[in-house]
Amino acid sequence: REVNGQLLDLKFDNIFFTGSPTLGRTVMTAAAKNLTPVVLELGGKSPCIIDDTANIEMAARRISWGKTLNSGQTCIAPDYVYVHKSLKDSIVSEIQKNITEFYGENPLTNDSYPKMVNKKHFDRVSQMIEKVIVGGNVDQNSLKIEPTLIDATWESKAMQEEIFGPVLPILTYEDLNEVISVVKS
C-alpha cells in the first residue's frame, strides 16, 4: 500500500492497472488529479460452463489446475462452475480426485501448496467458505486455505465479488440458454 501510494503521487503519461475494483477506484482518483489517462482491467467473475456433452475428466483437470495454481490467486483462475445438474456429482468427484493428485490428502501440510498473499486476503477469502462440498479447512498460522468446493447460489458470499483464492462455487442448471443469459447479465 505504501509503494502504491508513492507511485500514485507521481505523474505518468498513462496508467494501465490490473486489479480489484476497490483499488481501481483509488488509482482512478489519483490519476484524475493529474488528468492522467487510465486503462482499468478489473477483476470479475470468470465462469466455467459444463454442459451435458462435456468430457468431465478433461474439464475437471483443467478447472482443478486453474483454480489451485498459486491457490487461485491468478487472473486466469476459474471463479465458479456452472454445471448441468446431471453432471454435478461427477465433476465434483473428478475435481476432488485432481486436488488429491496435485497436493495429497492434506494440502494444508503440503509444502508445494501456496499460502494466501497476506492476512487480509486470507480473512476475506476464508469468510466465503460456506456450504462445503469438498475441503473447507484453513490454517491461520500458515495463511493456507484448502482447495474448497462449495454448493452455491447467486446469493452466496463467494458470488458477490471475484474470489482470487482456492474457493470454487458450484452452481447447477437445467437450461443452457438461461445460464448464458445470466452470465451475460
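The values are calculated or read from the model by the stated rules, or taken from the named source; none is laboratory data. For clarity, every value in this text was computed on a predicted model and none was experimentally measured. We place every Cβ from the backbone using ideal geometry, glycine too, and count neighbours over all the protein chains shown. Remember, those area values only see protein heavy atoms, side chains included, never the ligands or the DNA or RNA. Shrake-Rupley method; radii C 1.70, N 1.55, O 1.52, S 1.80 Å.
The table below lists the values:
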item	result
The stretch 30-78 versus the stretch 141-183: alpha-carbon centroid distance in Å	12 Å
Mean Cβ count within 10 Å, highest first, over the residues of peptides 35-42, 71-78	71-78, 35-42
Approximate spin-label separation Gln127-Asn141, in nm, with each point projected 7 Å along Cα-to-Cβ	2.5 nm
Matching label, semi-axes √(5λ) of the Cα gyration tensor in Å computed from the structure shown, candidates (1) 37, 21, 17; (2) 32, 21, 13; (3) 26, 19, 15	(2)
Positive-end residue, the chain charge dipole about Cα centroid, Cβ charges, pick of Gln127, Thr26, Leu171	Thr26
Residues Gln6 and Glu174, FRET efficiency given R0 of 41 Å [Cβ-Cβ distance, rounded to 0.05]	0.20
Percent accessible area from carbon and sulfur atoms, the chain, protein chains only, probe 1.4 Å	51 percent
Extension gain, Leu69 back to Ser20 (0.36 nm per residue minus Cα-Cα distance, nm)	15.7 nm
Kyte-Doolittle mean at least 0.0 and Cα axial length at least 18 Å: DSSP H helices in the chain	21-33
Residue-normalised accessible area of the chain, expressed per residue, 1.4 Å probe, Å²	57 Å²
Spin-label pair Met58/Asn34, simplified geometry with 7 Å Cα→Cβ offset, distance in nm	4.8 nm
Charge dipole (debye, nearest 20) of the stretch 1-159; +1 at Cβ of Lys and Arg, -1 at Cβ of Asp and Glu	500 debye
Long-range HN-HN contacts of Ser46 with modeled amide H, under 5 Å	Asp79, Tyr80
Karplus 3J(HN,Hα) series, Hz, for the stretch 35-43 with 6.51 cos²θ - 1.76 cosθ + 1.60 (x for Gly, Pro)	6, 7, x, 9, 10, 10, 10, 9, x
Helix-only [θ]222 nm of the chain, DSSP H runs n ≥ 4, -39500 (n - 2.57) each, per residue, nearest 500	-11000 deg cm²/dmol
Nonlocal amide H pairs with Lys144, under 5 Å, H built at 1.01 Å	Met116, Asp139
